[in-house]
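The values are calculated or read from the model by the stated rules, or taken from the named source; none is laboratory data. What you see is a predicted model; the values in this text were computed from it and never measured. Methodologically, a virtual Cβ is constructed for each residue, glycine included, from the backbone with ideal geometry; neighbour enumeration extends over all protein chains shown.
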Amino acid sequence: MTVSVLDLAPVVPVVVVRDAADAVPLARALVAGGLPAIEVTLRTPAAPDAIRAIAGAVPDAVVGAGTVITPAQVTESVAAGARFLVSPGWTDVLLEAMTASGVPFLPGVSTTSEVVALLERGVREMKFFPAQAAGGTAYLKSLAGPLPQARFCPTGGIGLASAPEYLALPNVGCVGGSWMVPEDAVAARDWGRIEELAREAAGLSAGGTCR
């Protein structure tokens, strides 16, 4: 993938799939709404099969694996078809595995020291997590001055109303969120509602509600 994950869309849906049969229609709804990058979190046993199904049946989707915390999960996710990896945090062992995977990755950070350590290792694109709890837009704005080379996908506690504030920051490429895939809509298989919410999210821009 030549385009950065941070540049595919203003929002990356963070998806929890409990039934792999839901993966393809869910992904199609998100793509139809304008959100091609989809992070399937490894929080359920169905996640690897969900990634595999999306990779095989939804060619316009850029499916990735989230909540990656072990080298084994890196290997399994890439084998399933994940085109990018996202972790809530990182260690040298995990970073080595993600680097060796051959796909783009966003290691999670929440402190300045973690950001500097990644920059030292040649990594410039990161997940800022948990965004709201770790300082939100004020923290990221403070990082932009001394560390302008770092770019972030803030995730955690971000919704439709707060996303534009993050997108307005010069060091934010996109945000991650789950508000466009509410659990009740997924449980009801209301793909039309999810597509509508995705379209609203895809229209977000810095400093406003829609572009």
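Brief remarks on what is shown
- Qualifying positions in segment 15-31 - part of a loop (DSSP other than H, G, I, E, B) and within 13 Å of Trp191 (Cβ to Cβ): none
- Total residues in segment 52-76 satisfying the condition of being free of Cβ contacts under 8 Å to residues at least 40 places away in the same chain, in contact with an Asp or Glu (Cβ under 9 Å, 6 or more places away or on another chain) and surrounded by 24 or more Cβ atoms within 10 Å (Cβ to Cβ): the figure is 2.
- Of the residues Val3, Val12, the single one that is crowded, with 24+ Cβ neighbours inside 10 Å and either in a strand (DSSP E or B) or out of contact with any helix residue (DSSP H, G or I) (no Cβ under 8 Å at 6 or more places or on another chain) (or both) is Val12.
- When Pro170, Pro164 are checked against the criterion of being at pLDDT 95 or above and either of a type in the set (A, V, I, L, M) or in contact with a Gly (Cβ under 9 Å, 6 or more places away or on another chain) (or both), Pro164 stands alone in meeting it.
- Considering (1) among the aliphatic types (A, V, I, L, M); (2) at pLDDT 95 or above; (3) surrounded by fewer than 21 Cβ atoms within 10 Å (Cβ to Cβ), the lone condition that Ala198 does not fulfil carries the number (3).
- Single match in Glu165, Glu195 (criterion: touching a residue at least 12 places away in the same chain (Cβ under 8 Å), over 26 Å from Ser110 (Cα atoms) and among the acidic types (Asp, Glu)): Glu195
- The listed residues are Glu183, Glu165, Glu195, and the only one of them that is touching a helix residue (DSSP H, G or I) at 6+ places or on another chain (Cβ under 8 Å), closer than 20 Å to Val63 by Cα and among the charged types (D, E, K, R) turns out to be Glu195.
- Here Arg28 fulfils each of the conditions (1) closer than 27 Å to Leu118 by Cβ; (2) of a type outside the set (Ser, Thr, Tyr); (3) in contact (Cβ under 8 Å) with a residue 40 or more places away in the chain; (4) touching a helix residue (DSSP H, G or I) at 6+ places or on another chain (Cβ under 9 Å) apart from (1).
- Within segment 32-51, being in contact (Cβ under 8 Å) with a residue 40 or more places away in the chain and either touching a Pro at 6+ places or on another chain (Cβ under 7 Å) or assigned to a helix (DSSP H, G or I) (or both) holds for Ala32, Leu35, Glu39.
- Hey, Glu195 farther than 22 Å from Val31 by Cα and among the charged types (D, E, K, R) or not: no
- Failed item, numbered, when Ala185 is tested on (1) touching a Lys or Arg at 6+ places or on another chain (Cβ under 7 Å); (2) crowded, with 23+ Cβ neighbours inside 10 Å; (3) among the aliphatic types (A, V, I, L, M): (2)
- Flag for Phe105 being within 28 Å of Gly122 (Cα to Cα), touching a residue at least 40 places away in the same chain (Cβ under 8 Å) and out of contact with any His (no Cβ under 9 Å at 6 or more places or on another chain): no
- Of all residue pairs spaced 6 or more apart or on separate chains, those with beta-carbon atoms under 7 Å, a first member in segment 79-91 that is part of a loop (DSSP other than H, G, I, E, B) and a second member that is modelled with pLDDT of 95 or more and of a type in the set (S, T, N, Q) are Pro88/Thr67.
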